[in-house]
Amino acid sequence: MIKSNAIDRGRTKGHWPIPPVPGRVSAGVLAVGLVLSLLLLVAGAPAGDVALPFGLGVVVALVLLPAAHLDRALGVAMVLTMPLLPASGLPNLPIGAAALMVALVRLVLERPEALKSRGVRLLIVTWLPLVIGVALSQWAAPSIWVRPTVILGLALCASIVGALAAIESLDLERWIDGFSLVLVAVCGSALAVFALQYLVGPRDAANGVITSLAYLRGERATEFFGTINNWLVFGDREILRAVSPLVPSPNNLGGMVGVLAPFVAYRWLTSDEARWRHLAGLAVCLSIATLLLTYSRSSWLAAVVGVGAAAIVVAYSVRHSRLSFRSPVGLRMAATVLGLGIAIGVVGIVSAGSAAASDRVTRALNDPSVTTRVKNDTHAAGVFTQDFVRGVGLGNWGIVSGDTSGVAYVHDVYLEYALAAGVFGLAWAVGLALVPLIGGVLAALRVRTVPDLLLAASFVGFGAFGAVQFFFDDNFLNPQYAWFYLWAVGASVMWCAQTTTA
């Protein structure tokens, strides 16, 4: 639907405002950083400092990398939480944040005229309620509001990056290729951790992940997850839920899969490049298995709704248009269904030995984590109604509620931002779900090709997924989830705006 213009042709050939150097130079910088990190590890340096040379090498390599490879590399780098600054006395700035800055600067320098486009204007309207709500809300001590503010500020950058990337079809496809690599790495490591429990036991496997977090996220991450985690399912025997050292939270992991998998599935079903099609297919299969093995009930429910919404949009569009699915697209879609069935069967066999796994679904109201969330949500709704115009401020829920558990947030995106920024924050949260969902539906009614229909359906799928999961958790406190989700929102706004006005 989107035609490549002179800018995109120049970008593909490597014509940047900042001339890139050969790719082998970027690879060399990355290799030097890796070697230095390994030497620090051998020398016994503090865990939080070991990854610093590698992290800085990644950032320098991204700046120097030629255009033809940059989007995929940036998509991968967004998931990296390795620190860029020494752990002692300084905040942990992860590689993912630096990757976003590199992407934003590159895209703005390349196509400044796009900042005036209809898609960017619509994106600004999407963010405006939160800005107004935060400005009107109460401001607590900086130690409380700085972290959520930084995460949301970078999420805003991610949404702009997604919008600018979606202007050109080649850019969008390369970013999705990067997301395929992300899912293979994250889901592959999560499945490896899940399998490891059958060799060393659930607790030893969990402790191994906790130890690795010191090198990937800094020592504070090890301390936090060592005392507060929800990795184990208890019952007649313990089960370690699927977690990845890159995304060490089952709910965040399930949420990330729900956001990225629809786009990767689109790439699998439409790509003409065999290597990226096969990679995307592998990512889809790993994602299905990982989503099920997280035992994240909110992700399960959201996935069912998301897949159902996307399927309805596709079926309706096919029925009321001349579009038809022919081989190989039809064969790949059938393979997707087959893969899902196989994954469900494997998970059923693995989970059959524990009643606790089935109790998470059949007896959810007996789970203390569920009843506690219901009480917190009820309390939060009451606080919101007391002053629905001015919120209590970003990150301030723990003080307002008297919560001493160390979890200073509401397990509900809508309530979290309604409390933080009043009715304006609530409008922002609702918009994050409805904008891609409605935009995808409108685009699906206008497209004339199967690939465009599947891309529109992917926006519908992840929007419906988010709309449901928002009721059960606030994954926006996790930087990676926030960045990926808002990237997808920005891409949906730009692509759907161009498609519906073409």
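Kirkwood hydrodynamic radius of region 166-207, from the reciprocal of the average inverse Cα-Cα distance over all distinct pairs: 12.2 Å. About the centre of its Cα atoms, region 40-172 shows a dipole size close to 280 debye [charges on the beta carbon of Lys, Arg (+1) and Asp, Glu (-1) only; nearest 20 debye].
Taken per residue, the accessible surface of region 132-191 reaches 31 Å², heavy atoms only and a 1.4 Å probe. Surface listing: Trp145, Trp487 arranged by accessible area from highest to lowest gives Trp145, Trp487, probe 1.4 Å. A Förster distance of 22 Å, applied to the separation of the beta-carbon atoms of His320 and Thr501, puts the FRET efficiency at 0.60.
Ordered by solvent-accessible area of protein heavy atoms (1.4 Å probe), largest first, the residues Asp204, Asp474, Asp49 come out as Asp204, Asp49, Asp474. Couplings for region 140-153, taken from phi via the Karplus curve 6.51 cos²θ - 1.76 cosθ + 1.60 with θ = phi - 60°, read 7, 5, x, 4, 8, 9, 5, 4, x, 5, 5, 4, 5, x Hz in order; Gly and Pro are left as x. For Leu122, the solvent-accessible surface with a 1.4 Å probe is about 70 Å², rounded to the nearest 10. Taking a ≥ b ≥ c as the square roots of the eigenvalues of the Cα gyration tensor, region 120-202 is oblate, since a/c reaches 1.5 or more and a/b is not larger than b/c. Pair-distance distribution P(r) for region 130-267, from all Cα-Cα distances in 10 Å bins starting at 0: 10, 29, 30, 23, 7, 0 percent. Surface calculation, 1.4 Å probe, protein heavy atoms: Thr449 sits at approximately 60 Å² accessible. For region 191-288, a simple Cβ point-charge model (Lys and Arg +1, Asp and Glu -1, everything else neutral) yields a dipole of about 140 debye relative to the Cα centre.
The heavy atoms of Met101 present about 70 square angstrom of accessible area, all protein chains included, probe 1.4 Å.
Oblate is the label for region 68-160. Its Cα gyration tensor axes, ordered a ≥ b ≥ c, give a/c of at least 1.5 and b/c at or above a/b. Taking 0.692 mPa s as the viscosity and 37 °C as the temperature, the Stokes-Einstein diffusion coefficient of region 427-487 based on its alpha-carbon Kirkwood radius rounds to 270 µm²/s.
Find the centroid of the Cα atoms in region 257-289 and in region 190-224, then give the distance between the two in whole Å. Cα centroid to Cα centroid, the span is 27 Å. Remark: spin-label model distance Thr149-Val108 equals 1.9 nm, labels positioned 7 Å along the Cα→Cβ axis. Potential lengthening of the chain between Glu238 and Asn207 amounts to 9.7 nm, from the contour at 0.36 nm per residue minus the alpha-carbon distance.
Mean projected area of the Cα convex hull of region 197-293, taken over all directions, amounts to 7.4 nm². Farthest toward the positive end of the dipole of region 35-168, out of Ala68, Leu85, Ser137, is the Cα of Ser137, where the dipole comes from beta carbon charges about the Cα centre. Between Leu128 and Leu36, the simple spin-label model (points 7 angstrom out along Cα→Cβ) gives 4.6 nm.
The values are calculated or read from the model by the stated rules, or taken from the named source; none is laboratory data. The structure displayed is predicted, hence computed values, not measured ones. FYI the Cβ positions are ideal-geometry reconstructions off the backbone, even for glycines, and counts take in every protein chain you see. With ligands, DNA and RNA removed, areas are computed over all heavy atoms of the protein, side chains included. Shrake-Rupley method; radii C 1.70, N 1.55, O 1.52, S 1.80 Å.
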